[in-house]
1. Return the residue satisfying two criteria in turn: it lies in the range 105-127 and is crowded, with 20+ Cβ neighbours inside 10 Å and in contact with a Leu (Cβ under 8 Å, 6 or more places away or on another chain), and of such residues it is modelled with the highest pLDDT.
2. Quick check on Phe96: is it surrounded by fewer than 18 Cβ atoms within 10 Å (Cβ to Cβ), within 15 Å of Gly132 (Cβ to Cβ) and among the aromatic types (Phe, Trp, Tyr)?
3. Of the residues in the range 19-42, how many are touching an Asp or Glu at 6+ places or on another chain (Cβ under 9 Å) and at pLDDT 95 or above?
4. Which ones in the range 57-80 are within 18 Å of Gly26 (Cβ to Cβ) and outside any strand (DSSP E or B)?
5. Do the conditions hold for Ser102, that is, is it in contact (Cβ under 8 Å) with a residue 60 or more places away in the chain, out of contact with any strand residue (DSSP E or B) (no Cβ under 6 Å at 6 or more places or on another chain) and closer than 20 Å to Gly130 by Cα?
6. Give Ala15, Ala49, Ala109 a once-over and let me know the one that is closer than 26 Å to Gly130 by Cα and not in a strand (DSSP E or B).
7. Out of the residues in the range 55-88 that are touching a helix residue (DSSP H, G or I) at 6+ places or on another chain (Cβ under 9 Å) and charged (D, E, K, R), which is farthest from Ser125 (Cα to Cα)?
8. So which of Ser106, Ser100 is of a type in the set (Ser, Thr, Tyr) and closer than 17 Å to Phe41 by Cβ?
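The values are calculated or read from the model by the stated rules, or taken from the named source; none is laboratory data. Everything numeric here is computed off the predicted structure, so don't read it as measured data. Please note: Cβ atoms are built from the backbone with ideal geometry, for glycine as well, and neighbour counts cover all protein chains shown.
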Amino acid sequence: MAINHPKAGPNSVPAYQLSAVPYVTGSTGAAETITKKRFDFPYVTRFIAVSNLNGTVTNELRLAFSEEGLDGAQKNYFSVPGSSVVNLDIRCKTVFITTSASSEWSLCAGMTTIPASEFPVLTGSNGFSGVGGSPV
């Protein structure tokens with residue numbers, strides 16, 4: 001008799017209770033134009049921490065969970081003002097960040113053992129109306 005080893009899925013509570021595997025990235029603060037970056041995580045996140053390392057409050061960083069969330073009419077993003085850190089207890093597989101020129105920031109995501117391919121795409125047309133896109 002073969003032993004069947006079940007895999008963790010997006011609603012597997014034990015996968016979110018384990019310590020997370022780190023994923024860290026950021027910017028150098030070098031002179032750039034206003035830029036939008038997409039981060040596709042290899043695994044579903046357990047948490048996300050975003051630091052805006054710019055000294056002025058007016059130099060904001062915007063974070064969204066869909067491209068439409070940043071660019072669409074609804075503006076389904078949130079702003080991280082300069083010199084602040086935001087910790088989110090969120091499960092997702094993709095984030096989008098828009099920054100102004102010469103911004104310095106860092107992103108730390110704690111990943112579960114759930115492959116990103118197992119998690120749904122977060123869009124309004126997929127039933128997640130608060131992240132952007134057209135609601136169903």
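1. Selected residue: Thr112.
2. Working: surrounded by fewer than 18 Cβ atoms within 10 Å (Cβ to Cβ): no; within 15 Å of Gly132 (Cβ to Cβ): yes; among the aromatic types (Phe, Trp, Tyr): yes.
Judged against the criteria, Phe96 is not a match.
3. 0
4. Across the range 57-80, the qualifying residues are Asn59, Glu60.
5. Details: in contact (Cβ under 8 Å) with a residue 60 or more places away in the chain: yes; out of contact with any strand residue (DSSP E or B) (no Cβ under 6 Å at 6 or more places or on another chain): yes; closer than 20 Å to Gly130 by Cα: no.
Answer is no for this residue.
6. Values: Ala49 fails: not in a strand (DSSP E or B); Ala109 fails: not in a strand (DSSP E or B).
None of the other options fit; the residue is Ala15.
7. Let us first name the residues in the range 55-88 that are touching a helix residue (DSSP H, G or I) at 6+ places or on another chain (Cβ under 9 Å), namely 62-66, 68-69, 72, 74-77.
From what is left, the residues that are charged (D, E, K, R) are 62, 68, 75.
Values: Arg62: 22, Glu68: 11, Lys75: 15 Å.
The selected residue is Arg62.
8. Numbers: Ser100 fails: closer than 17 Å to Phe41 by Cβ.
The conditions single out Ser106.
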